Structures are given as structure tokens and as C-alpha cells.
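One structure below.
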Amino acid sequence: MTRSVIFGYCANPETLEGIAWLSCFLTTGKHMSFYVSFGTVLLLLAITAPTALLFGFGGASAARSRIAPLSWFGRGYIAVVRGVPDIAFFLFFVIALDQGFEWLRHQALCPDWDEPIRQGNDFVVCAAAKLPLSTADQWVHEVYGFFLAVLTFAIVFGAFAANVLFGAMRAVPHAQLETAAAYGMTPRQTFWRVLVPQMWVYALPGLSNLWMVLIKATPLLFLLGVEDIVFWARELGGSKTARFTDYPHGDWRMWYFLGLLVFYLAFTRVSEIVLDRLMKRLTRGQATAGGEAQRKAAA
Amino acid sequence: MSCWQTIADYGLRSLGYGERLLPRGDFTLCQQFTLIGSGMIWNIYFGVLALLAGFFLATALALGKASRVWLLRKASEWFIFVFRGSPLFIQFFFAYFLFVSLKSAVPALAPFTAAWLGALVVLFLNTAAYTGEIFYGALLSIPKGDTEAADAYGFSGWNKFRKITWPTMLRLAWPAYTNEAIFLFHATTLVFFSGFPALRQRGDALYYANYFADKTFNPFIPYPILAGYFILLTLAVIGVYGVVNARLNRHLPRNDRPKLKIRPKLIR
């Protein structure tokens, strides 16, 4: 059996001890997958944060629309997600979105299908409408699962972001909007040129709080069926006997999760410091209590 | 089978009473309402006990963080940082595996590997940290005039804390603390998805909702039922906390009394 090993001395694990054993143990192929899954978490954050912001912007704009049904939709979106445990939404949306997509494809691809889709306790669509196709490679399944997870996160966090942005839009002094109207701007111009540029200062504290919450929600990826850090920590930490691995050990899951705990603590701490700096930069020269305090401190 | 029969069979299923097997086919709405409602017992149990115990530790933490003693201050700061800076989900996993390891060393600690005690401890410490931070913020924003007036009237030490500082701190912190309470009840749904096993399928509301969604492959019925139960629970929490809020503010002129504004931020 050939093994791909990073350190040459790892070829014979049975003879190793102490640090050398540990260095070999921590560079096995499975551990590499574990390290890569940290990248999965960062990727999720990198994609979800802007998408959720977009959803939030849409929701907030809808909520303050003058068209009643649109406004109800926006307000309803914000209210429902806030009243129910988030994890219920995660579990719900993953199945609901999957079935929704398959149903749409079913309608489009198999128009002459005559059996009902819900047969008792089964959800049956024609083979061509399956997502991903049953002939697809493993990686397609993984990418599709990750895509569903991102969409679910974006929907749930979009509602939180909508709530923050809706508040921020209302915090912009009303005189500003009235002045814009007095200068003859249309509602659309007022919205894009006066309201949107000014709302970010008011939104930043809420959005940075949301970012911290989003970081702390990433382990829920595990519940959505993605092979993330929680999955690998459970997998790698479980006790292994010499029959199945070259590196037998006892139940080390506690230590793996301690590692994850430290990772998250470091991540939130760094974010906190960066966001503090950003807030200081943005409040410079603003006519708010924070800006006033900065001005006095400098004088 | 009538709905009353179903309620008799499954009403206390989450505690292990009644029918042993969960329903397997031909799921009725009544069954889903009953079992998910039965699971709510656990959510209420975890939430109420963790909040009650957490309240006292949170007061201690807030005082510790505001303390002039270096050791107390640092200890409180670190406690709050660790529990607020990491996901509750990871805390559950870590605690569960920690308790499992401890069990092999000290058999007397075995109950901690069960959800009713182990998860309760984690929730208790977690809510204490979040609430401690809220109380600390409130402690710092007690109007200077209030404490000066207390000094002028000859209050000091325990008496001053008991009669002036503490009630004012609670009064200022109460709206935020209400949110924290709602938020904690929502967090109790994580328990059975994070290592702690649901022995003999005795789970919480989300556990049963997930069971039905898996079996029927139809998420559109059990999750809205769960959502309905949680909205009722949230309203009940707001009601109870509103009563306390009214009592804490009863000395203020009617127009100055702060209303409870509910802005839960859901994930921890």
C-alpha cells in the first residue's frame, strides 16, 4: 500500500512516538480534509454575507414600499423569521427549497407525467427532474448541497439584515427626505441619492452585530448535511482501533471541539477589533454622539 | 383513533409516558400537534431553569466585571468572552464530549452526559454570560445622581446595593434581558441536535418536528406547527417579562415608563 505522506519519516507510523507521531497524525489525508473544511466555512461566510445583505436590502425596500402587497410581503418576511427559532428555518428551508426546485423542473421537463407528486409519504418527480441527476458525480451532489445551504443562510440572515436596514432607513433624518422632495427629486431619486448613501452609518452597528451572529451560525452547516468542521471533528475525534487506522487513539472528540472553540473565539475577537476600527473611521466627522466625542477627544 | 386517544397516548411521550413507539405511518395532524407540543415540555424546562439560575450568576458576573479587584474582573471578563464569543452549538458538543470523558474517570458524573442535566448546565452558563454582559452595561449606565442621592441618604454597602443599585440596574437592563430570554428559549431547540442523545426518542419540539419531516418528506406541516408553538411561547415570555417590567418601573411617571420593544437576534 502506498501512502502519500508529507514528512518522509511518516512511512512507518507504528515506530513513531511523541512529537513525530503527532506531526504525522495531524497531516494524514483525512486531517487535510478537516483543514480544507475550515475553508468551506470561510467560503460560506464570503458568499453568504453579501447575498444576505442583498436579500436584506430587497426586504427593507419592499417593507417601506407604497404598494401595499409589496409592503406586507417585506414586513411579513422580517416578522416571521424573527419569531421562530432559526434552526427550525434551516431544517425547513433545505427540504422545502430542494422540493421546490425539483417541482419546478418537473413541471418544465416532464409535462406528460400523470402520477401525483405527493404519493402518501413520498415526494416523487420524474428521473429527469431529480436534482442533482442520479447519474451525477459526487462533487455535483456536494456543490448542490452547499448551494442550498448558502441560499438558506441568505434567506434567514437576509431577514435579520432587512430588519437592521429598515431601522436604518427610518433613522435617516426626515428633513433630508423632505428637502430632496422640495428640490423636485422623484421618490426614486430621493431613495437612491439621499436615503441609501446616508443609511449606512446608522446600519453599521446592527450589521456588525449581525456579522458576529453569522460567524457563530456557521457550525449549523453540519445540520444541513455539508461536510464541515463539525462533521470532521466528530469523525476524526472518535476512538480508532489499530485495525482501521495506522494511528489508533482513544476518544479525542473533546479536544477537537476544544480546537473549534478556540478557532471561533479567535475569529470573533479579530472581527470585533476590525469592526471597531471601521466604526471609528466611519463616525469621523459625523454629526452623531460618537463623532462629537471623537472631535472633543482630538481637541 | 380519535384525537383524544392520541393526546392520551402521546401527550407526555417526551417524558417517556404513554405509547412506547412513535407513530410510523398514516400521520394525522392531531399526532403532529400532540407530539410536537409534548416536546415543548423540554424547551420550557430548559429555558425556565436556565433563566432562573442564570439570573443570579449573571448578577455576580456583572458585579465582577465592574469590580476593582483585578482577579474578579479578569475572571468575569474571560467567562463572558468565552461564552459569548463562541457558538452555542460548539459549546454543546464540547461539553457533551467533556462529560463523556469525565464519566469514565468519575462514574458519579454520569447524569451530566444526559441532556436534562448536561445541556441544562451549558444553557445556564451561556445565558449567564449573555445576561451578565447586559447587566454590566446597565450597571455602568445607572445615573450618577441616583447613587449620589443614595450616599446622601446614608445608604452604604449591601443596603445600598439591595435597595438602589440592583433595582436600577434591573430596570435599565430589562428590555434587553427580555430579548435574551426569548433568544434562550429558541436556543433550547439546539440541544438534541448537538451530541446529547434523545434517549428512547424522548426529544424536544424540534426533534419531533424533524422526525415527522423526515418520515413524511413534507416539511410544510410539522415546521409551521413548531413555529406556531414558538410564537405562543414567545408571547408568553413577553407577557411575563412585561409584568416584571411594569413593577420595576412603577415609581416613574406614566409617560416615562419604557415599553418593551422586542428585537430578538436569534442565533448565538
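Which numbered condition trips up B:TYR177, out of (1) more than 11 Å from chain A (Cβ to nearest Cβ); (2) on the phi > 0 side of the Ramachandran plot; (3) crowded, with 21+ Cβ neighbours inside 10 Å?
Failed condition: (2).
Filter region A:76-90 for residues that are at pLDDT 75 or above, in contact with a Phe, Trp or Tyr (Cβ under 9 Å, 6 or more places away or on another chain) and either surrounded by fewer than 19 Cβ atoms within 10 Å (Cβ to Cβ) or within 10 Å of chain B (Cβ to nearest Cβ) (or both) and give the result.
Answer for region A:76-90, where residues must be at pLDDT 75 or above, in contact with a Phe, Trp or Tyr (Cβ under 9 Å, 6 or more places away or on another chain) and either surrounded by fewer than 19 Cβ atoms within 10 Å (Cβ to Cβ) or within 10 Å of chain B (Cβ to nearest Cβ) (or both): A:ILE87, A:ALA88, A:PHE89, A:PHE90.
What do you reckon, is B:LEU123 farther than 18 Å from B:LEU52 by Cβ, out of contact with any Pro (no Cβ under 8 Å at 6 or more places or on another chain) and in contact (Cβ under 8 Å) with a residue 40 or more places away in the chain?
Working: farther than 18 Å from B:LEU52 by Cβ: no; out of contact with any Pro (no Cβ under 8 Å at 6 or more places or on another chain): yes; in contact (Cβ under 8 Å) with a residue 40 or more places away in the chain: yes.
For B:LEU123, the condition - farther than 18 Å from B:LEU52 by Cβ, out of contact with any Pro (no Cβ under 8 Å at 6 or more places or on another chain) and in contact (Cβ under 8 Å) with a residue 40 or more places away in the chain - is not met.
Consider B:THR59 carefully, then state whether it is crowded, with 16+ Cβ neighbours inside 10 Å and closer than 25 Å to B:PHE135 by Cβ.
Criteria met by B:THR59.
Within region B:1-22, identify whether any single residue is more than 21 Å from B:ALA198 (Cα to Cα) and of a type in the set (Phe, Trp, Tyr), and answer yes or no.
yes
Being within 20 Å of A:LEU44 (Cβ to Cβ), part of a loop (DSSP other than H, G, I, E, B) and in contact with a helix residue (DSSP H, G or I) (Cβ under 8 Å, 6 or more places away or on another chain) is the requirement here; does A:VAL226 meet it?
It is true that A:VAL226 is within 20 Å of A:LEU44 (Cβ to Cβ), part of a loop (DSSP other than H, G, I, E, B) and in contact with a helix residue (DSSP H, G or I) (Cβ under 8 Å, 6 or more places away or on another chain).
Please go through region A:229-270 and pick out each residue that is surrounded by fewer than 16 Cβ atoms within 10 Å (Cβ to Cβ), at the interface with chain B (Cβ under 7 Å from one of its Cβ atoms) and modelled with pLDDT of 85 or more.
If the condition is that a residue be surrounded by fewer than 16 Cβ atoms within 10 Å (Cβ to Cβ), at the interface with chain B (Cβ under 7 Å from one of its Cβ atoms) and modelled with pLDDT of 85 or more, then A:ARG269 is the only one that fits.
I want to confirm something. Restricting to region A:167-176 and keeping residues that are touching a helix residue (DSSP H, G or I) at 6+ places or on another chain (Cβ under 8 Å) and under 10 Å from A:MET199 (Cβ atoms), which single residue is surrounded by the fewest Cβ atoms within 10 Å (Cβ to Cβ)?
A:ALA171
Can you confirm whether B:ARG268 is surrounded by fewer than 20 Cβ atoms within 10 Å (Cβ to Cβ) and either over 30 Å from A:ASP251 (Cα atoms) or at pLDDT below 85 (or both)?
Working: surrounded by fewer than 20 Cβ atoms within 10 Å (Cβ to Cβ): no; either over 30 Å from A:ASP251 (Cα atoms) or at pLDDT below 85 (or both): yes.
Criteria not met by B:ARG268.
Only residues that are among the hydrophobic types (A, V, I, L, M, F, W, C) and closer than 14 Å to A:PHE93 by Cα: list them for region A:138-158, please.
If we filter region A:138-158 for residues that are among the hydrophobic types (A, V, I, L, M, F, W, C), which is where we start, we get A:139-140, A:143, A:146-151, A:153-157.
Passing the criteria: A:PHE146, A:PHE147, A:LEU148, A:ALA149, A:VAL150, A:LEU151, A:PHE153, A:ALA154, A:ILE155, A:VAL156, A:PHE157.
Looking for whichever is buried (at least 18 other Cβ atoms within 10 Å of the Cβ), within 12 Å of chain A (Cβ to nearest Cβ) and in contact with a Pro (Cβ under 6 Å, 6 or more places away or on another chain) here; the options are B:PHE93, B:PHE83, B:PHE89, B:PHE97. Which one fits?
Just a single option satisfies the conditions, and that option is B:PHE89.
Can you tell me how many residues in region B:213-246 are facing another protein chain (nearest Cβ under 10 Å) and not in a helix (DSSP H, G or I)?
So the answer is 4.
Which members of region A:29-75 meet the condition of being of a type in the set (S, T, N, Q) and either under 18 Å from A:ALA217 (Cβ atoms) or at pLDDT below 85 (or both)?
A:SER33, A:SER37, A:THR40, A:THR48, A:THR51, A:SER65
I need the full set of residues from region B:194-233 which are closer than 16 Å to A:VAL84 by Cβ and free of Cβ contacts under 8 Å to residues at least 24 places away in the same chain, in order please.
Hits for region B:194-233 are B:ASN210, B:ALA213, B:PRO219, B:PHE220, B:TYR223, B:PRO224, B:ALA227, B:GLY228, B:ILE231, B:LEU232.
Tally time: how many residues in region B:220-245 are exposed (fewer than 12 other Cβ atoms within 10 Å of the Cβ) and farther than 20 Å from B:THR188 by Cα?
Matching residues across region B:220-245 total 1.
List the number of the failed condition for B:LEU139; all other conditions in (1) over 25 Å from B:THR168 (Cα atoms); (2) more than 14 Å from chain A (Cβ to nearest Cβ); (3) surrounded by fewer than 22 Cβ atoms within 10 Å (Cβ to Cβ) hold.
Unmet condition: (1).
Only one of these conditions is not met by A:TRP200: (1) assigned to a helix (DSSP H, G or I); (2) surrounded by 15 or more Cβ atoms within 10 Å (Cβ to Cβ); (3) away from chain B (no Cβ under 14 Å). Which number is it?
Tallying (1) assigned to a helix (DSSP H, G or I); (2) surrounded by 15 or more Cβ atoms within 10 Å (Cβ to Cβ); (3) away from chain B (no Cβ under 14 Å), A:TRP200 fails exactly one: (2).
So B:ALA108 passes all but one of these: (1) under 30 Å from A:GLY237 (Cα atoms); (2) within 14 Å of chain A (Cβ to nearest Cβ). Which condition number does it fail?
Going through the list (1) under 30 Å from A:GLY237 (Cα atoms); (2) within 14 Å of chain A (Cβ to nearest Cβ), B:ALA108 breaks only (2).
Can you run down the residue pairs with Cβ atoms below 7 Å, 6 or more apart or on separate chains, where the first is in region B:81-104 and without any contact (Cβ under 8 Å) to a residue 24 or more places away in the chain and the partner is in a helix (DSSP H, G or I) and among the charged types (D, E, K, R)?
Pairs that qualify, where the first residue is without any contact (Cβ under 8 Å) to a residue 24 or more places away in the chain and the partner is in a helix (DSSP H, G or I) and among the charged types (D, E, K, R), are B:GLY85/A:ARG269.
Among the candidates A:THR190, A:THR152, A:THR179, which residue alone is surrounded by fewer than 18 Cβ atoms within 10 Å (Cβ to Cβ) and at pLDDT 80 or above?
So the residue among A:THR190, A:THR152, A:THR179 that is surrounded by fewer than 18 Cβ atoms within 10 Å (Cβ to Cβ) and at pLDDT 80 or above is A:THR179.
The values are calculated or read from the model by the stated rules, or taken from the named source; none is laboratory data. Owing to the predicted nature of the structure, the values given are computational and were not obtained by experimental measurement. FYI the Cβ positions are ideal-geometry reconstructions off the backbone, even for glycines, and counts take in every protein chain you see.
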